[in-house]
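Engineer: Questions regarding the structure given below will be posed in turn.
The values are calculated or read from the model by the stated rules, or taken from the named source; none is laboratory data. Given the structure is predicted, the values throughout are model-derived calculations rather than measurements. Glycine also receives a Cβ, built like all others from the backbone with ideal geometry; neighbour counts cover every protein chain displayed.
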Amino acid sequence: MDRTLLRIGLRGRRTSLRSKTLLATSASRRDAFAAAVQQFEELMAASAAVGPASRPITLYYATVQAGLAVAAAHKTDQWSFHRHGLKLHDIRPSIADITVGPEGTGAFQVVAQATGSPLLHAPVTLGALWSSLPDLKDMPLPASSASSALDIHPNSAWSRVGARLIMTDENPGQENFKQHLTKLLPAYPGIEGFSVVDGSYEEIRESRWVAEIRWNRRVDFDEVAPAYRYVEERFLRPSLDDQSGRPPSALMTWWAILYTFSMLSRYRPREWAAALDIDKSRAAHRLEYCLDLALDVLPHLVLEALDGEPMLLAKPMAF
């Protein structure tokens, strides 16, 4: 779906959601919703018109306004906010090691609750947030060793007790793949009790291989690895805390990433400019990719949040 269709979908929600949500109960909710969606649209248009030096600022505040619209439509109790609810806790030379975490109750917490997303309970590195997103997993930040989202394909022949994993890390080889997965997969909540299938290892190419896992129980893949953005595209996402809890939703993970970028862009412009220096920074093209991708991903995730259900698209043809 291109940006025009997403924009039209969002404009259609300005009227279609009134009778289906809490907007019907309050004029203040309806007024806040209409203003916030309008600002989201305008800030997204502004984001497309500016370069990566300034784009994080408009993208982040576009996301916040979208969040206000979602909360007005769906949150039963306090739905407005006046604080970010996030704070940068550590800024290091490596952009992947910057940490962001919760601060009180603000926009991040209110919108997470409105959408049923898990919260951040402690500071987490930008590299971990980044790698946990299916959208960014194949282009990790330099110096990041964080676990990434994993492609998973349920095996219908095994009655939802087995699945095929597509891995994008160093090929471990036939002798070591079981040990590798047994050590790696406990970081992914919801798949406890798995076993790696003997002889299922297959190399596709360098740093890309597949293997199969099974359980002695039926697995609800809609809960463990729900389809994400495209039909039949499912991903396991790693925990971001020591309690192996589920990570924030993709929308809230993008939110935390864009908050971090916006704070760097606004208050540390020299460091942000250095990170974007394409001739010197190994992260520069990755950051540009992220900020370009956000222009397409955010409207999609916002539409899903407004509707309260997935909106899955056909996967674009690859050439």
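Engineer: Can you name the number of the only condition in (1) surrounded by fewer than 20 Cβ atoms within 10 Å (Cβ to Cβ); (2) under 13 Å from the mean Cα position of the chain (by Cα); (3) closer than 20 Å to D222 by Cα that A314 fails?
Structural biologist: Failing condition for A314: (2).
Engineer: To continue, here is another question. For the stretch 57-65, check the following and say yes or no: at least one residue is buried (at least 21 other Cβ atoms within 10 Å of the Cβ), among the hydrophobic types (A, V, I, L, M, F, W, C) and more than 23 Å from A275 (Cβ to Cβ).
Structural biologist: no
Engineer: Among the candidates G101, G85, G67, single out the residue that is on the phi > 0 side of the Ramachandran plot and in contact (Cβ under 8 Å) with a residue 12 or more places away in the chain.
Structural biologist: Of G101, G85, G67, the one residue that is on the phi > 0 side of the Ramachandran plot and in contact (Cβ under 8 Å) with a residue 12 or more places away in the chain is G85.
Engineer: Pairs, please: C-beta under 9 Å, at least 6 apart or cross-chain, first residue in contact (Cβ under 8 Å) with a residue 24 or more places away in the chain and in the stretch 138-153, second basic (K, R) and part of a strand (DSSP E or B)?
Structural biologist: These pairs meet every condition: D151/R164; D151/R234; I152/R164; I152/R234; H153/R164; H153/R234.
Engineer: A further question on this structure: Out of (1) surrounded by 19 or more Cβ atoms within 10 Å (Cβ to Cβ); (2) within 20 Å of R229 (Cβ to Cβ); (3) assigned by TED's automatic domain parsing to the domain that holds I204, what's the single condition that is false for T168?
Structural biologist: (1)
Engineer: Quick check on G116: is it assigned by TED's automatic domain parsing to the domain that holds P247 and either farther than 30 Å from Y61 by Cβ or small (G, A, S) (or both)?
Structural biologist: The answer is yes for G116.
Engineer: Residues to consider are P310, P316, P226, P248; find the one that is touching an Asp or Glu at 6+ places or on another chain (Cβ under 7 Å) and of a type outside the set (K, R).
Structural biologist: Step by step, each of P310, P316, P226, P248 is checked, and only P310 is touching an Asp or Glu at 6+ places or on another chain (Cβ under 7 Å) and of a type outside the set (K, R).
One line per residue, one yes/no per condition, for (1) in contact with a strand residue (DSSP E or B) (Cβ under 6 Å, 6 or more places away or on another chain); (2) at pLDDT 95 or above:
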residue	(1), (2)
T76	no, yes
F81	no, yes
H89	yes, no
S94	no, no
G104	no, yes
Q109	no, yes
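Engineer: OK, next. Restricting attention to the stretch 256-277, which residues are part of a helix (DSSP H, G or I) and basic (K, R)?
Structural biologist: R266, R270
Engineer: Oh, and also: So is P247 part of a loop (DSSP other than H, G, I, E, B), surrounded by 15 or more Cβ atoms within 10 Å (Cβ to Cβ) and assigned by TED's automatic domain parsing to the domain that holds L119 or not?
Structural biologist: Yes.
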